[in-house]
1. Yes or no: Ala457 crowded, with 18+ Cβ neighbours inside 10 Å and modelled with pLDDT under 95?
2. Yes or no: the range 603-623 includes at least one residue that is over 21 Å from Gly564 (Cα atoms), assigned to a helix (DSSP H, G or I) and open to solvent by 70 Å² or more (accessible area, probe 1.4 Å).
3. Does Ala544 satisfy being hydrophobic (A, V, I, L, M, F, W, C) and open to solvent by 10 Å² or more (accessible area, probe 1.4 Å)?
4. Test of understanding: among Asp450, Asp429, Asp424, which residue is farther than 16 Å from Lys611 by Cβ, modelled with pLDDT of 95 or more and open to solvent by 50 Å² or more (accessible area, probe 1.4 Å)?
5. For the range 559-586, which positions are among the small types (Gly, Ala, Ser) and surrounded by 17 or more Cβ atoms within 10 Å (Cβ to Cβ)?
6. Looking for whichever is closer than 21 Å to Glu507 by Cβ and modelled with pLDDT of 95 or more here; the options are Asp339, Asp363, Asp334. Which one fits?
7. If only one of Val157, Val151 is among the hydrophobic types (A, V, I, L, M, F, W, C), open to solvent by 10 Å² or more (accessible area, probe 1.4 Å) and in a strand (DSSP E or B), which one is it?
8. Which strands (runs of 3 or more DSSP E) sit wholly inside the range 198-306 and have at least 3 residues that are basic (Lys, Arg), open to solvent by less than 60 Å² (accessible area, probe 1.4 Å) and within 24 Å of Glu77 (Cβ to Cβ)?
Amino acid sequence: MCGIVGNVLARADRTPDAAVLKRMNDRITHRGPDDEGVFVQGPAGLAMRRLKIIDLTTGHQPMTGEDGRVWTVFNGEIYNYRELREAHAARGHVFTTRSDTEVIVHGYEERGVASVGDLDGMFAVAIWDAPARTLLLARDRLGIKPLYYAVLPDQIVFASELKALLEHPAIERTLDLTALSRYLAHEYVPAPHSILRAVRKLPAGHWLTYTDGRVKLEPYWDVHFQRGAGIDEAEAVEALRAALDRSVKQHLVSDVPLGVFLSGGIDSSAVAAFAARHFPGRLKTFSIGFEDPSFDETAHARRVARVLDTDHQEEILDPRAALDLVTRLPELLDEPLGDASFLPTYLLSRFTRRSATVALSGDGGDELFAGYPTYQAHRLAGPLELIPPLLRRRLLRPVVERLPVSLDNLSFDFKLKRFVAGLDFAPVDRHAAWLGSFTPAEQRELFTADALARMEAPPSYAAFHEMLSHAPSASGLERMLYLDLKGYLGEGVLTKVDRASMACSLEVRVPLLDHRVVELATSLPMHLKLRRVTTKYVLKRALAGVLPRDILERPKKGFGIPLGRWFRGELAPMLRDVCAPEVIRRAGLFRPEAVGRLLAEHAEGRHDHRKKLYTLLAFQLWASRYRPA
């Protein structure tokens, strides 16, 4: 696991500034504190920071092949590197390391850009082909590892994190107002945009080539919903159980200490159960908890740990620790992210890093097997759409709005109010409204008239419709699964986990997102995922006998934090300071009275605005640190 940066110029008679390259590389030392490397040759400059996981002695990067014509820097893990190594060696390639990086070089020498499709794993790769004067950038299928880039008139600059890119003097810090609007809608900036106008994110499952100033961007993989011909439930259960077992076993390869994040939910418990089967010795598991019982899951994690006989450790996140972490958000997250579970994820990563360098997590199960309550809500919304909208507003809205505000985790009033509010939208926009923070109408109230006038397009949920234009095979609820895989998971959850873990120099692997598991899951019919209102149906069946029945049947809790209460208590002063009227007015983006109304309604208990307020807070803290134009 590493961080990578690079700079390639359009003209072959110019050379990148090595001092700038070093500044960029130093900015991501946390991603790889064990080693660093720099390569500058002709118009190309590559650099990396390394966290040693596999081949601790000879895996130094940048790495080249036998003749020195192809060079690479690489962030991630290639899980099938042993098989690829054997295949390349059989074709005459000479290996000088035991590293998975070397198979990338020899694979490119054999098959060019097509070799990216041979890689099983999580990765962001940069390859410099000197004879062809071509830079290849590639990102893994699901977007587990990040890669930012900027194409300028005379060069391309890239980096694992935005903060490293900003060390290059040619990168302008102009705020992208359309990206800001999409962030407020979804709580993340969907690729290919970034929060800055000059910078892009390489989309998941894509590669980019840069040759003498010419850019080509292409997909090499995507999610397809092609239902298996006549597969029955028993076959699906057996195939899924085998795929999970194989993937988790493959993800255990490591030359350093390894453990598992264990929340006590189905997904992390499944990963822990399969890992315990194959792990040599007693598996370490790690959990984070809260003093607030409605958010705390440590008892469930302990129950699973006892069943699996793991070496289990846990830590509690209190408001004081959360306040300290919130103030550090701009440094830890160099692009705004409105997911407050970043805070416990960071603490869990820091806690785990004391005992392990690699951790497996259960991310991806909800998106693959319809585990979120929103899928049930879409089913329930269908019949209610038959009621005329005006009648729905007159009958349902007043009753729901009178419900007392509860700040518990996924409380009844929180879910019901969001459900009813979403009924005013068509299904795709409804899904966005249920998941996100500010609807387009709320954004029009929040933004100043000047900010709205400077946007390329008015606030909308266009990002979701753009995503779905690439998924012609999806229908019905499969469209929501696709949106969650490409959006909420790919741009939100995986970004959160990468930044939180890498800030602690911890590698996190996600075996449920092995592309063969993903392809199997998306080949199954929807009724095997959501059986009436039973979520994750086929996954639960596959785990019968692997996990205790009470773990499989307990309702989903989610990785939330008591933010609503903290915003009325320990975090309230900081929230008021960061969102003070003079601060908001000076920036000129939001209307101070609109922000003040949100603060007052939440403080007085009239509304639960925890999601909106955290989304605003995360942006305000980011803007105060990076000062975009």
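The values are calculated or read from the model by the stated rules, or taken from the named source; none is laboratory data. From a predicted model like this one, the values you see are computed outputs, not experimental measurements. A quick note on method: Cβ atoms are made from the backbone with ideal geometry, for glycine too, and the neighbour counts reach across all protein chains shown. Quick note on the areas: whole protein, heavy atoms, side chains included, nothing else; ligands and nucleic acids left out. Shrake-Rupley method; radii C 1.70, N 1.55, O 1.52, S 1.80 Å.
1. Numbers: crowded, with 18+ Cβ neighbours inside 10 Å: no; modelled with pLDDT under 95: yes.
It is false that Ala457 is crowded, with 18+ Cβ neighbours inside 10 Å and modelled with pLDDT under 95.
2. no
3. When the stated conditions are applied, Ala544 passes them.
4. Values: Asp429 fails: open to solvent by 50 Å² or more (accessible area, probe 1.4 Å); Asp424 fails: modelled with pLDDT of 95 or more.
Going through Asp450, Asp429, Asp424 in turn, the sole match is Asp450.
5. Within the range 559-586, the first condition is being among the small types (Gly, Ala, Ser), and the residues that meet it are 560, 564, 569, 572, 580.
Residues satisfying the conditions are Gly560, Gly564.
6. Matching residue, one of Asp339, Asp363, Asp334: Asp363.
7. Criteria check complete, one pass: Val151.
8. Per the criteria, no element qualifies.
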